[in-house]
Each structure stands twice: as C-alpha cells, then as structure tokens.
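Here's the structure we're looking at; comments come further down.
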Amino acid sequence: MKNAFILLMTLVALVAWAGELGVGDKAPEFQAKTDDGEPWASENHVGDGYLVVYFYPAAMTGGCTKQACSFRDDQPKLDEYNATVVGVSGDDVEGLKVFKRVHNLNFTLLSDKDGDIAKKFGVPVRKGGSIEREVDGKTVTLNRGVTTSRWTFIIDPNGKIVYKDTDVQAAEDSQTVLGFLKSQKKS
C-alpha cells in the first residue's frame, strides 16, 4: 500500500511538472476579457514585439498594487523595447476596471476568473475570494474566481517564452523585466 501511494504521488508530481512551461517553450494561445469587458486574444499581440504576461493574486491589494504601479511608471521604458504588458488575475472585469481607474494604469488587465490562462502557463491556482475597498467614498466589493501565484513571463516576437520568473518581487518586477529586455538588446 505504501509503494502504491508513493507511485501515485510521483505521478501527480510529474503531471504537475509537465504542465509547467519553461524558457524556450512555445507560449500557449489564450483569450480573455479586458478590464473594459472587451475580448482580447494573445494571437493578436504575439509577433509585434515582446509580450510581458504577469500573473498577480488580487487587484487592489498591497503587493499587486505596487507591481501594477511599477509597470505603469516604467511603461515609457518598456515601450523602448517594444514590450506590451498585460496583467492577468482571477478578478472579474468590474474589479479590474476599478483597479485600473483608481491607480491610473496604462496597460491592459485580463480577467482569468476560472484560472484557465494561469493553468496553461503552469501557474499555481488557489481558491478565489472577495475584498472590500473604499473607493471615492463608497465601499466597493472586488470579486475573484481564483487566486494565482505571482509569476511573470516574457514572450518573444516568435511566440517563444524567453523569460520566466516564479519568485517575483512585486515592487521590483518591472525593473527586473527591463533588465532582461536590455540584456536581449545587447545580444
């Protein structure tokens, strides 16, 4: 019985590992609703330059706000490297709309309420939830279907993953991405 359990756990670990994408792998195609409710498809953005896809746990929380505001502030530098940024979370469209407006974000946020995009990238997904925030003097409830781990990927113009960070430091993520893009320009 013990050997059967060990074998089962080994198989579970291998299946989980096999679903995780790495540098050099072809990036999966994905679609989602944007923060303004419009459809968005990766196939319309891969090939135009670099696509920075960052997964974050929940809109309007401390680390996620620092991460998003850093990408916002570094957008002009990212533009120099022809890099488009999209933030992906399990938040619903309404919550993303609030998050974008309150923090004046200048890039697209994608709603991955079921965690389908995260799963395609191998990003760990947990149960969702709700939080309440004070916005413009009113209490707003932000709902998310899933909570993802904080991971960042960069997809090159050929559709290949050229960068993967599973140990993201929220406030430094955009600077780390910029450092990578700068190193690519030198090569």
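The values are calculated or read from the model by the stated rules, or taken from the named source; none is laboratory data. Because the structure is a prediction, the values reported are computed rather than measured. So basically every Cβ, Gly included, is an ideal-geometry build from the backbone, and we count neighbours across all protein chains shown.
Here's the yes/no breakdown for (1) among the aromatic types (Phe, Trp, Tyr); (2) not in a helix (DSSP H, G or I):
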| site | (1), (2) |
| --- | --- |
| Thr141 | no, yes |
| Asn158 | no, yes |
| Tyr163 | yes, yes |
| Leu178 | no, no |
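Yes or no: Gly145 at pLDDT 95 or above, touching a strand residue (DSSP E or B) at 6+ places or on another chain (Cβ under 7 Å), more than 19 Å from Gly47 (Cβ to Cβ) and not in a helix (DSSP H, G or I)? It would help to see each step written out before you state the result.
Values: at pLDDT 95 or above: yes; touching a strand residue (DSSP E or B) at 6+ places or on another chain (Cβ under 7 Å): yes; more than 19 Å from Gly47 (Cβ to Cβ): yes; not in a helix (DSSP H, G or I): yes.
It is true that Gly145 is at pLDDT 95 or above, touching a strand residue (DSSP E or B) at 6+ places or on another chain (Cβ under 7 Å), more than 19 Å from Gly47 (Cβ to Cβ) and not in a helix (DSSP H, G or I).
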Exercise. Could you give me the residue pairs with C-beta distances under 8 Å whose first residue belongs to segment 42-66 and is closer than 16 Å to Ser111 by Cα, whose second residue is part of a loop (DSSP other than H, G, I, E, B) and of a type in the set (Val, Ile, Thr) wherever it lies, and which are 6+ apart or on separate chains?
Key: Tyr54/Val168; Phe55/Val123
Practice problem: Give Thr147, Thr84, Thr166 a once-over and let me know the one that is in contact (Cβ under 8 Å) with a residue 12 or more places away in the chain, surrounded by fewer than 22 Cβ atoms within 10 Å (Cβ to Cβ), within 13 Å of the chain's Cα centre (by Cα) and more than 21 Å from Ala32 (Cα to Cα). | Solution: Thr166
Self-check item: Where Asp173 falls short, out of the listed (1) under 13 Å from the mean Cα position of the chain (by Cα); (2) assigned to a strand (DSSP E or B); (3) of a type in the set (D, E, K, R)
Solution: (2)
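Within segment 119-139, does at least one residue satisfy the condition of being of a type in the set (A, V, I, L, M), surrounded by 18 or more Cβ atoms within 10 Å (Cβ to Cβ) and over 12 Å from Pro57 (Cα atoms)? It would help to see each step written out before you state the result.
Of all residues in segment 119-139, those of a type in the set (A, V, I, L, M) come to 123, 125, 131, 135.
Those still in the list that are surrounded by 18 or more Cβ atoms within 10 Å (Cβ to Cβ) too: 123, 125.
Among the residues that remain, those that are also over 12 Å from Pro57 (Cα atoms) are: none.
No, because not a single residue in segment 119-139 is of a type in the set (A, V, I, L, M), surrounded by 18 or more Cβ atoms within 10 Å (Cβ to Cβ) and over 12 Å from Pro57 (Cα atoms).
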Quiz item: Only one of (1) crowded, with 20+ Cβ neighbours inside 10 Å; (2) within 28 Å of Pro157 (Cα to Cα) fails for Gly95. Which number is that?
Solution: (2)
